[in-house]
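The next block holds one structure in the form of structure tokens; read it before the comments.
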Amino acid sequence: MEDVTDPAFRALCKRYGADRVYTEFVNADALVRDIASTTRKLTISDAERPVAIQIYGREPEAMRDAAIIVEQARPDFIDINFGCPVKKVAGKGAGAGLLKDVPKMLEITRAVVNAVHTPVTAKTRLGWDEKDLIPRVNPLGISEYRNIDNSEYFIVSLAEALQDCGITELAIHGRTRSQMYRGEADWTLIGEVKNNPRIHIPIIGNGDVCTPERARECFDRYGVDAIMVGRATFGAPWLFAEMKAGLDNSIYRSVDISEISLPCGEGRGGVIIPLSMSEKVAVLKEHVLASIAWCGNDERKGIIHSRRHFAASPVFKGLDNFKQTRIALLRAETVEEVFAIMDSIVAQWGNG
Ligand SMILES: Cc1cc2nc3c(=O)[nH]c(=O)nc-3n(C[C@H](O)[C@H](O)[C@H](O)COP(=O)(O)O)c2cc1C
């Protein structure tokens, strides 16, 4: 996620059990032009494997060339973004904009798949707008994928077409481009894709999974192979541990506990014992320091960069008479100030 999943945050997500992490999306044209702020986004480390580097763009040639550059960074996956709805991306025919030009989307996918040895995955949405949520004959408008007898959902046909291009996994955000981030994610259509007998690649469901209970429900009800969690992790990387504890009745399946330097929550037999407020605040402090390091040891920049996380963190939600403290926290510009405010929050609102 742009401005969110930098190495500092990915490391925390990994520590708390994320099975895979993704870089921020990386613009193909900027990569080809060797723009320093863009190539920096290719920074990955062995500790975070498996890691995917995500790219976006609107031209097959630029995407192919970008994929070749990305491969040199040795990610485990190269992910193509066909889901970004924002105007500066989709409006220019990249990201979700390609939902309106499926032939080009498939051309880009084939160009990337054929250019690299690294597995290529893709992420997309249910369609461009609500019209794509109604089954119809030949929803992609491509004769090759025409199903003369049956009406089909756009996303079901699209998933097949992308699979035929050679992607190894598909992630689907259960909203259309028109919806942006509004309304609720519709997981029934993600389930339709998963239940299509012609689909043999893993399907990753995405959208509004915020709790361990919802994660379990999505696996059980829609049969997806994996769940991708986005916004709910802001300021809460421990969510992965809580979800896994809830999912598989064991703690931290893929985490080497000896690696964990901070206290973490425990879950046994499906019982989740959450981190205390002071433990969570310790994680947030660590994130602030890691962000500063990522921003070239620029204290102010690193704090501003990590503010999104503490602004959204569930740790600071629902506290009585918190408004002034929140404003002070979001205005603080030095580590000393931020940490002092965080400590005062634990003293005043924490209970262990
Ligand atoms: C600030 C922000 C940045 C995002 N950046 C990306 C991105 O770079 N690549 C991507 O595939 N999705 C991106 N997304 C979308 C999320 O990955 C995810 O699909 C969406 O938020 C729905 O999942 P959620 O409800 O779990 O957040 C972004 C979302 C947000 C809010």
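The values are calculated or read from the model by the stated rules, or taken from the named source; none is laboratory data. All values reported here derive from a predicted model rather than from experimental measurement. A quick note on method: Cβ atoms are made from the backbone with ideal geometry, for glycine too, and the neighbour counts reach across all protein chains shown.
Based on what the data block shows, is Arg177 within 14 Å of the ligand (Cβ to nearest atom), surrounded by fewer than 17 Cβ atoms within 10 Å (Cβ to Cβ), modelled with pLDDT of 95 or more and not assigned by TED's automatic domain parsing to the domain that holds Leu329?
no
Considering each residue of segment 91-106, count those that are within 12 Å of the ligand (Cβ to nearest atom) and in a helix (DSSP H, G or I), and give that number.
Residues that pass the stated criteria total 2.
Of everything in segment 45-75 that's of a type in the set (Gly, Ala, Ser) and surrounded by fewer than 21 Cβ atoms within 10 Å (Cβ to Cβ), which residue is nearest to the ligand (Cβ to nearest atom)?
Ala73
Return yes when Cys218 is part of a helix (DSSP H, G or I) and within 13 Å of the ligand (Cβ to nearest atom) and no when it is not.
yes
For Glu169, which of the numbered conditions (1) touching a Ser or Thr at 6+ places or on another chain (Cβ under 6 Å); (2) without any contact (Cβ under 8 Å) to a residue 60 or more places away in the chain fails to hold?
Just one mismatch for Glu169, condition (2).
Quick one: would you say Arg40 is under 16 Å from the mean Cα position of the chain (by Cα), of a type in the set (D, E, K, R) and outside any strand (DSSP E or B)?
Answer is no for this residue.
Inside segment 180-191, can you point out the residues that are within 13 Å of the ligand (Cβ to nearest atom) and of a type in the set (A, V, I, L, M)?
Met180, Ala185, Ile190
Looking at this structure, is Ala111 in a helix (DSSP H, G or I) and buried (at least 24 other Cβ atoms within 10 Å of the Cβ)?
When the stated conditions are applied, Ala111 does not pass them.
If we scan segment 28-44, do we find a residue that is among the aliphatic types (A, V, I, L, M) and under 26 Å from Leu158 (Cα atoms)?
Yes: one or more hits.
Which one of these does Thr211 not meet: (1) within 11 Å of the ligand (Cβ to nearest atom); (2) surrounded by fewer than 22 Cβ atoms within 10 Å (Cβ to Cβ)?
Going through (1) within 11 Å of the ligand (Cβ to nearest atom); (2) surrounded by fewer than 22 Cβ atoms within 10 Å (Cβ to Cβ) one by one, Thr211 breaks only (1).
Every residue in segment 225-251 that is in a loop (DSSP other than H, G, I, E, B) and either modelled with pLDDT of 95 or more or closer than 22 Å to Thr23 by Cα (or both), please.
Asp225, Val229, Gly230, Phe234, Gly235, Ala236, Pro237, Trp238
Here's a check for you: in segment 14-44, which residue that is modelled with pLDDT under 95 and touching a strand residue (DSSP E or B) at 6+ places or on another chain (Cβ under 9 Å) is surrounded by the fewest Cβ atoms within 10 Å (Cβ to Cβ)?
Result: Asp19.
Just a yes or no: is a residue in segment 325-337 surrounded by fewer than 16 Cβ atoms within 10 Å (Cβ to Cβ) and of a type in the set (S, T, N, Q)?
Taking every residue of segment 325-337 in turn, at least one turns out to be surrounded by fewer than 16 Cβ atoms within 10 Å (Cβ to Cβ) and of a type in the set (S, T, N, Q).
Here are the criteria: (1) part of a helix (DSSP H, G or I); (2) in contact with a helix residue (DSSP H, G or I) (Cβ under 6 Å, 6 or more places away or on another chain); (3) not polar (S, T, N, Q). Tell me which single one Ile201 does not satisfy.
(1)
What number goes with the only condition from (1) away from the ligand (no atom under 14 Å from the Cβ); (2) in contact (Cβ under 8 Å) with a residue 40 or more places away in the chain that Asn206 does not pass?
Checking Asn206 against (1) away from the ligand (no atom under 14 Å from the Cβ); (2) in contact (Cβ under 8 Å) with a residue 40 or more places away in the chain, the one that fails is (1).
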